[in-house]
Amino acid sequence: MPRMKTAVFSALMVMLALPLAGFAQPGSAAPQGNAAQASALASRGAAAADPRTELVKRLPGSKLEDFRPSPLPGVYEYARGADVLYISADGKFALAGDMYEIASETNLSEKRRREARLALLTKVPENQMVIFGPREAKHTVTVFTDVDCGYCRKLHAEIARYNQLGIRVRYLFYPREGPDSESWDKAIAVWCSANRNDALTRAKKGEKIGNPKCASNPVAKDYELGQEVGLRGTPAIITASGELLPGYVPPDMLVKRLEEKS
């Protein structure tokens, strides 16, 4: 019998057994713990009746909360990090692509991705970032950067202009070549410097900043976060609305975009 049919059959058997679970046979005393047993059976019945239970079985590493009903009947939305997939309730079919609401011309998949990006970023306290610009700035963006990336350097060369236009820049590290690369070591050196802002500016100019050591650094976590967010390169700018802008965006163009969105 196919796996899905077996699961449904088991669920039906559990549900059929439930009405009898809380009662003793006529003429006999109710065994102690019967109520607890009935409660356990009820919980199992509810779980088996939830289509997401089968989906979790089919996608190792997933959890019930990873799935939520999509606007399309019979289809669940599955999100891991900022990646979104659509799966039929029976677990037989999966769709990779964006879902649009025609009436409002809304990209529902991108809306979900933005929510996911913001949820991921809120887990990073600002004391684990290198920040340029005052806290009371009109706009705040989060930028994944690589010390040696050409366009990352171009962006940072104009950091004063971004700040002047009211854009506060929060840097996270994303050495594109990964662990054990020269860019990775430079990111750690920046973080372990006494003045991180100055060290990052000098490193992006190609200056030597030495090899300072410290007990811990966020580079590995930032890199993993970048992968969850769905980065394909650097610089990668994430706005306060969760929008991902891949690549370098000139200061005047960025502030215009931020103003339009706000």
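The values are calculated or read from the model by the stated rules, or taken from the named source; none is laboratory data. Note that the structure is predicted; figures quoted are calculated from it, not measured. Every residue, glycine among them, receives a Cβ derived from its backbone with ideal geometry; neighbour counts consider all protein chains shown.
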Could you tell me how many of the residues in the range 91-117 are of a type in the set (A, V, I, L, M) and in contact (Cβ under 8 Å) with a residue 24 or more places away in the chain? 3
May I ask you to verify whether Val143 is crowded, with 18+ Cβ neighbours inside 10 Å and part of a strand (DSSP E or B)? yes
With Ala187, Ala119, Ala157, Ala137 as the choices, which residue is out of contact with any strand residue (DSSP E or B) (no Cβ under 9 Å at 6 or more places or on another chain) and assigned by TED's automatic domain parsing to the domain that holds Ser216? Ala157
Quick one: which strands (runs of 3 or more DSSP E) lie wholly within the range 148-262 and hold at least 1 residues that are without any contact (Cβ under 8 Å) to a residue 24 or more places away in the chain and surrounded by fewer than 19 Cβ atoms within 10 Å (Cβ to Cβ)? 244-246
From Glu77, Glu105, residue being of a type in the set (Asp, Glu) and either under 23 Å from Ser193 (Cβ atoms) or in contact with a Lys or Arg (Cβ under 6 Å, 6 or more places away or on another chain) (or both): Glu77
State whether one or more residues within the range 83-90 are touching a residue at least 60 places away in the same chain (Cβ under 8 Å) and not in a loop (DSSP other than H, G, I, E, B). yes
